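Every number in this text was worked out from the coordinates using simple rules, so none of it is lab data. Here the structure is a predicted model, which means the values were calculated and not measured. Positions of Cβ are generated from backbone atoms using ideal geometry, with glycine treated the same way; all protein chains shown enter the neighbour counts.
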Amino acid sequence: MAKSSVDILVRGIVQGVGFRPFVFRLAKELNLNGYVTNSGEGVEIHLEGEESSINEFILRLKRDKPSIARIDEIVEKDSTPMNLSSFQVIASKETKVFTIPPPDIAICNDCKNELLNKYNRRYLYPLISCMNCGPRFTIIKSLPYDRSRTTLSKFKLCKDCEAEYFDPINRRFRAEPISCWVCGPKVFFVEDGKIVKSDDPIMIAAELINKGEIVAIKGIGGFHLAADATNDATLKKLRALKNRHFKPFAVMVKNIDFARKVAYLSEEEERILLGQEAPIVLAKKKEDSPISELVSPKINTIGIFLPYTGIHVLLLEKTSSPYLVMTSANPKDEVISYKNSDAMKKLSSFTSHFLIHNRDIYNFADDSVVRVIDGLSILVRRSRGYVPIPIPTPVNVDKVFGIGGDLKNTFAIGKEKEVFISQHIGDLSSYSTQRELKNSIRKFLRLIAQDIKVIALDMHPNYYSRKVAESMKTDMKVEVQHHHAHIAATLASNNLNEDVIGVACDGTGYGADGNIWGFEFLLSNLKSFNRLAHMKYFRLPGGDKAIIEPRRFAFSLLYDILDKESLFKFDLGFSEKEKEFLYAMIKSGTNSPLVSSCGRLFDGISALLGVCLFSTYDGEAAMELESIADENEEDSYSYDISFNGSEIVLDPSNLVVGVINDLKSNAPKSKISARFHNTVVKAISELSIYLADEYKLKRVVLSGGSFLNEILVKGVRKNLMSKGINVILPRGVSVNDSCLSLGQVVVASSEVD
Ligand code: ZN
Ligand code: ZN
Ligand code: FE
């Protein structure tokens, strides 16, 4: 038999995911000698042995790889045999080249079994982890990924852990974050700033939750506030303390069986819930659920997720309720608390009870959120479990940085043909998020080991993100229009580089004409765009104030179709003085920017129906309107499309007239909401089909927060697909503004070469 020798380089997500033990076992099984090591470029393997075995090795390397690994490339090179007599795993080479840091992984079944097995030495050890699960991104400071560069570096492995760490057939072989009762970080219960001595701190937390108390609990990426999700009184208190009246809370559910009791779950939704990313899934809530109405008031969905660390598993073993509200612990508009001392200070107004641990979180990460719409998984928030896995793009984006927008901020950095998107930073309205944005940029660039040549930013002149971008030193800065970034992000995430009709429907984006856009039909590719059509402009009286007061846009919609007397008769809860004031503002245009926005249109109709006059969180008016829509209603209202030279304008005035007539004749709101939705679906479909035909394009791309609306996505997809048009939604990134950073990177990269 022919003997041979080969060097193999494996690129991708291959570090910290059990790749070396897998390689070791495979080599042993196939009687191959050599070694495997992590390097800055990935995993390097040297093999010596039968040629046929080497071929089989390479085949199985791809086929049987650990489930959380991702192989992007395998480079093979013949090499000189060293006549080795065994196969070994050798320590990481210190190189400057790059690899991909892994994301955090939900507790695996093996660890869960050990955690609850009293004969296991990690019985009830809450920070249990192994090669297949545990913290990663949140504890890594820099690469190559090794324990010494994580926040576990200060915990020296005990003899037993060390034996596992060096035993190639052990599940903890070379698993960097492992620990145990003897050597590892521990969980503590803290009351009023003092550690309570106890053998079972988790039990103390559980008993307080059972009694209706709120407890702050540190997990993988930050703190949650935990409370019994079936206890109305507690949730009332939590809502008052957080000054959060309607925004839904996520509920951690003991296991999938209990999840089925509170939500209608499709196969896909169950798969996502049970997946290694363990995100929050927004599912349709069941009417007879034991969960308090205060968890997600006025909407028909509920956000649920499963325990994803040992702490959560044990907590839910001990609480009497299998349903716990677990909401990000942060004062309003601030990032999630993730440091012990900081959390105890900042969260003191919410609770004096803290379940903490001393495994430091270096990079914070909120829970990710997914909604399955029309069978497609759409990320609402991409953070823990997904970050920092890069998005492959069809173009070279090396060293291009996108700062994102001011709402739902993420930033992103390009490396060759991949974009690394940061964790969810949030809304840049507070000093705290602004500071964390700057900190996170510094940490992330170091982690990804990349510097910046070009910075891309939104056109909005008053965005805080612009200030940060302007303060950064680079060769070049590129402004990217908001909705172009939306469409480009969606294209790139689907690895597409071509002309498409892009439909961008959202709340607010600064337009190239200085007005606010948000209901746009663009002829777009990754480089440039041309605005082909948009919704008619309306005044937004009071600017930002009208965003939190949807009834103001309702007033503006009515202004266009009613005379002053009829307008003033319409009850939106305004005083006569306020009506005069708004009327004058709209008439003169004072502090009333022109907007063409799908989000505002939803706001206006929601307010006209009395569903939501005041919005307490982003998207509230639209979500509540969607929730009441009668899915069996097929009627719709009329609308106009006008062609003024090169500009096509969608005028929804007749739609508003239809809504008002229906209100006058006391039609059920569920029917009016459905007719409104059907109208928007029809208008988007008609324009998309017309434009796709006009420009001979087969693909229509949808992006923008409005496409988190299931009725819109379902309806538009159905109509377009029936005409043979391919509808593209983002893959692995969100439709909302958290995708802007990716879009900016891709668009700005075209200015470089
Ligand atoms: Zn595990
Ligand atoms: Zn140990
Ligand atoms: Fe947007």
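Which one of 433, 378, 177 has its Cα pushed farthest toward the positive end of the charge dipole of the chain, where Lys and Arg give +1 and Asp and Glu give -1 at the Cβ?
177
Against the longest alpha carbon principal axis of the chain, how many degrees, from 0 to 90 and to the nearest 10, is the axis of helix 550-559 turned?
30 degrees
Can you pull the one-decimal nm distance between simple spin-label points at residue 194 and residue 298, each 7 Å off the Cα toward Cβ?
It works out to 4.4 nm between the two label points.
Arrange the following residues from fewest to most other Cβ atoms within 10 Å of their Cβ: 697, 32, 324. If you can, show how the numbers build up before the last one.
Values: 697 18, 32 23, 324 28.
By the 10 Å Cβ count, ascending: 697, 32, 324.
For the chain, what does -39500 (n - 2.57) per DSSP helix run (n ≥ 4), summed and divided by total residues, give at 222 nm, in deg cm²/dmol to the nearest 500?
-10000 deg cm²/dmol
Please identify the trypsin sites (Lys or Arg not before Pro) of region 623-729 that satisfy two criteria: DSSP loop assignment and at most 16 other Cβ atoms within 10 Å. Which are they? Spell out each step's value before the answer.
Values: sites: 664, 669, 671, 675, 682, 696, 698, 699, 714, 717, 718, 723; in loops: 696, 698, 723.
Qualifying residues, ordered by number: 696, 698, 723.
On a 0 to 90° scale, report how tilted helix 232-242 is relative to the longest principal axis of the chain, with both axes built from alpha carbons and the result rounded to the nearest 10.
The two axes meet at around 90 degrees.
Any lysines with Cα under 18 Å of the residue 467 Cα? List them, leaving off those in the same chain fewer than 8 positions away.
Here the lysines satisfying the reach criterion relative to residue 467 are 408, 438, 453, 477.
Rank these for me by crowding, 157, 562, going from fewest to most other beta carbons within 10 Å. Show your work: numbers first, answer last.
On the way: 157 20, 562 16.
Ascending Cβ contact count within 10 Å gives the list 562, 157.
Per-residue HN-Hα couplings for region 418-423, Karplus 6.51 cos²θ - 1.76 cosθ + 1.60 at θ = phi - 60°, whole Hz, x for Gly and Pro?
Once θ is set to phi - 60°, the couplings for region 418-423 become 9, 10, 9, 9, 6, 5 Hz.
Please list the three semi-axes, largest first and in whole Å, of the ellipsoid equivalent to region 378-452, using sqrt of 5 times the eigenvalues of its alpha carbon gyration tensor.
On the way: eigenvalues 83, 41, 23 Å².
Those come to 20, 14, 11 Å.
Karplus couplings for region 511-521 from phi (6.51 cos²θ - 1.76 cosθ + 1.60, θ = phi - 60°), rounded to Hz, Gly and Pro as x?
For region 511-521, the Karplus curve yields x, 5, 9, x, 8, 8, 9, x, 9, 10, 10 Hz.
Need the list of aspartates and glutamates near residue 186 for cross-linking: C-alpha distance under 16 angstrom, and skip anything on the same chain fewer than eight residues off.
List returned: 199, 200, 360.
Past the 29 Å Cα-Cα mark, which pairs from 286/669; 77/443; 211/345; 65/284?
Numbers: 286/669 21 Å; 77/443 35 Å; 211/345 24 Å; 65/284 35 Å.
As for pairs spanning more than 29 Å Cα to Cα, those are 77/443; 65/284.
For the chain, what is the relative contact order in percent, using Cα pairs closer than 8 Å and at least 6 residues apart in sequence?
Details: 1762 pairs, mean separation 87.4, N = 753.
Contact order relative to length: 12 percent.
Positive end of the charge dipole of the chain (Lys, Arg +1 and Asp, Glu -1 on Cβ, about the Cα centre): tell me which of 695, 461, 307 has its Cα farthest that way.
Going by the Cα projections, it comes out as 307.
Taking Cα atoms, how many degrees apart are the long axis of helix 710-721 and the longest axis of the chain, rounded to 10 and kept between 0 and 90?
The two axes meet at around 90 degrees.
Within region 526-578, list the chymotrypsin sites (Phe, Trp or Tyr not before Pro) lying in a DSSP loop whose Cβ has at most 16 other Cβ atoms in a 10 Å radius. If you can, show how the numbers build up before the last one.
Numbers: sites: 529, 537, 538, 553, 555, 559, 568, 570, 574; in loops: 537, 570, 574.
Sparse-neighbourhood loop chymotrypsin sites (Phe, Trp or Tyr not before Pro): 570.
How far apart, in nm, are two points set 7 Å out from the Cα along the Cα-to-Cβ line at residue 726 and at residue 342?
Each label point is offset 7 Å from its Cα along the Cβ direction, giving 4.4 nm.
Rounded, prolate or oblate: which fits region 1-117, taking a ≥ b ≥ c as square roots of the Cα gyration tensor eigenvalues, rounded meaning a/c under 1.5, else prolate when a/b beats b/c?
On the way: a/c = 2.06, a/b = 1.51, b/c = 1.37.
Prolate is the answer for region 1-117, as a/c is 1.5 or above and a/b outweighs b/c.
Figure the gain on full extension for residue 666 and residue 374 (residue separation times 0.36 nm, minus the Cα-Cα span) and round it to one decimal in nm.
Values: separation 292, 0.36 × 292 = 105.12 nm, distance 3.16 nm.
So the chain would gain 102.0 nm between residue 666 and residue 374.
What residue among 30, 42, 143 has its Cα farthest toward the positive end of the dipole of region 1-149, where the charges are +1 on Lys, Arg and -1 on Asp, Glu, each on the Cβ?
Towards the positive end, the residue furthest out is 143.
Any of 218/318; 154/346; 236/332 with alpha carbons more than 24 Å apart? Name them for me. Before the final figure, lay out the partial values.
Numbers: 218/318 17 Å; 154/346 26 Å; 236/332 17 Å.
Among 218/318; 154/346; 236/332, the Cα-Cα distance tops 24 Å for 154/346.
Could you line up 368, 566 from fewest to most neighbouring Cβ atoms inside 10 Å? Show your work: numbers first, answer last.
Numbers: 368 26, 566 11.
Ordered from fewest to most neighbouring Cβ atoms within 10 Å, 368, 566 come out as 566, 368.
Please give the contour-minus-distance gain from residue 571 to residue 587: 0.36 nm per residue of separation, less the Cα-Cα distance, rounded to one decimal in nm.
On the way: separation 16, 0.36 × 16 = 5.76 nm, distance 1.97 nm.
Stretched out fully, the residue 571 to residue 587 stretch lengthens by 3.8 nm.
Amide H of residue 105 versus every other amide H placed in the peptide plane: which residues, excluding those fewer than 5 positions away on the same chain, fall under 5 Å?
Those qualifying (amide H under 5 Å, at least 5 residues apart or on another chain) are 134, 136.
Take the alpha carbon gyration tensor of region 557-694, find the square roots of its eigenvalues, order them as a ≥ b ≥ c, and report rounded if a/c is under 1.5; if not, report prolate when a/b exceeds b/c, else oblate. Don't skip to the answer; put the middle values down first.
On the way: a/c = 1.71, a/b = 1.19, b/c = 1.44.
Since a/c reaches 1.5 but b/c is at least a/b, the shape of region 557-694 is classed as oblate.
Over the Cα atoms of region 22-82, compute the convex hull volume and normalise it per residue, giving Å³. Please list the in-between numbers first.
On the way: hull volume 5.6 nm³, N = 61.
Expressed per residue, the convex hull around the Cα atoms of region 22-82 is 92 Å³.
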